[in-house]
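To start, the structure under review is shown below, and the notes come after it.
The values are calculated or read from the model by the stated rules, or taken from the named source; none is laboratory data. Predicted model only: the values in this text are computed from it and were never measured. Here the Cβ positions follow ideal geometry from the backbone for every residue, glycine too, while neighbour counts run over all protein chains shown. The protein model used for the area step is the full one, side chains on, heavy atoms only, and it has no ligands, DNA or RNA in it. Shrake-Rupley method; radii C 1.70, N 1.55, O 1.52, S 1.80 Å.
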Amino acid sequence: MTFSTIYLFYVTLLIMLIAFSAFFSAAETAFMRSNRVRLRHQAEEGDKDALRVYNLLKEPDRLLSTILLGSNFVNVFASSLATAMLIALFGEEGVIYASIVMTIVLLVFSEIIPKNLAAYRSDEASRLMSYPMQWIIPLLSPIVRLLSMISRGVAQLAGVDLSKVDRMTEEDIGSAIFLGHKDGFIKEPKAKML
């Protein structure tokens, strides 16, 4: 293989890694912003896509850990690959160029744009992304379990009990109703009834 063929291969791989990074960033936003109540209702009505998303959201720690693992892996891999490529082209200065270029590229194309798009269409995006996520989660689950054990161990050493997760309280529901009424989403008679 010639230098240009290898370089073309690396550029193609880099583009693919940036696309995977964008996928994971969009998935994080889409799943975390999905309307769980609506999804549950749609799932109970027989909507298979809604059921798949709802089932993924039943284990948010597992879902989020998988997304973060995938995102961090592809971001580090992409940055390392870009650094190696730019060192080959520019020598040691390639490290600085790679840092600047990859910060801008990952920030714009793998964070800002995908997260904004997913935020505006979270229910649709989560439905679409649930297909690959249902395969990625089992694939990465051994690593996710290991990392979860490590984080729980560190939390215990720090005196934090992760089993005591905050649940929605009556006060939280009241605040949501108040804000919904204040913002005009819930009319006064309905807000008083609720």
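Quote the relative contact order of the range 64-140 in percent (integer), defining contacts as alpha-carbon pairs under 8 Å separated by 6+ residues.
Once divided by the residue count of the range 64-140, the mean separation gives 26 percent.
If each residue of separation counts as 0.36 nm, what is the full-extension length gain between ARG152 and ARG40 once their alpha-carbon separation is subtracted?
Additional length available on full extension: 37.3 nm.
Report the Cα-based extents of the chain along its three principal axes, largest first, to the nearest Å.
Computed over the chain, the largest-to-smallest principal extents equal 72, 40, 33 Å.
Below 26 Å Cα-Cα, how many Lys pairs turn up in the chain? Only count pairs eight or more apart in sequence, or on different chains, if you could.
6
Taking only the C-alpha atoms, wrap a convex hull around the range 88-149 and report its volume per residue in Å³ as a whole number.
157
Ignoring any ligand, DNA or RNA, what whole percent of the accessible area of the chain comes from carbon and sulfur when the probe is 1.4 angstrom?
Details: 8740 of 13310 Å².
Carbon-and-sulfur percentage of accessible area, whole number: 66.
In nanometres, what is the gap between the two model label sites at ILE104 and LEU89, each 7 Å from Cα along Cα-to-Cβ?
1.2
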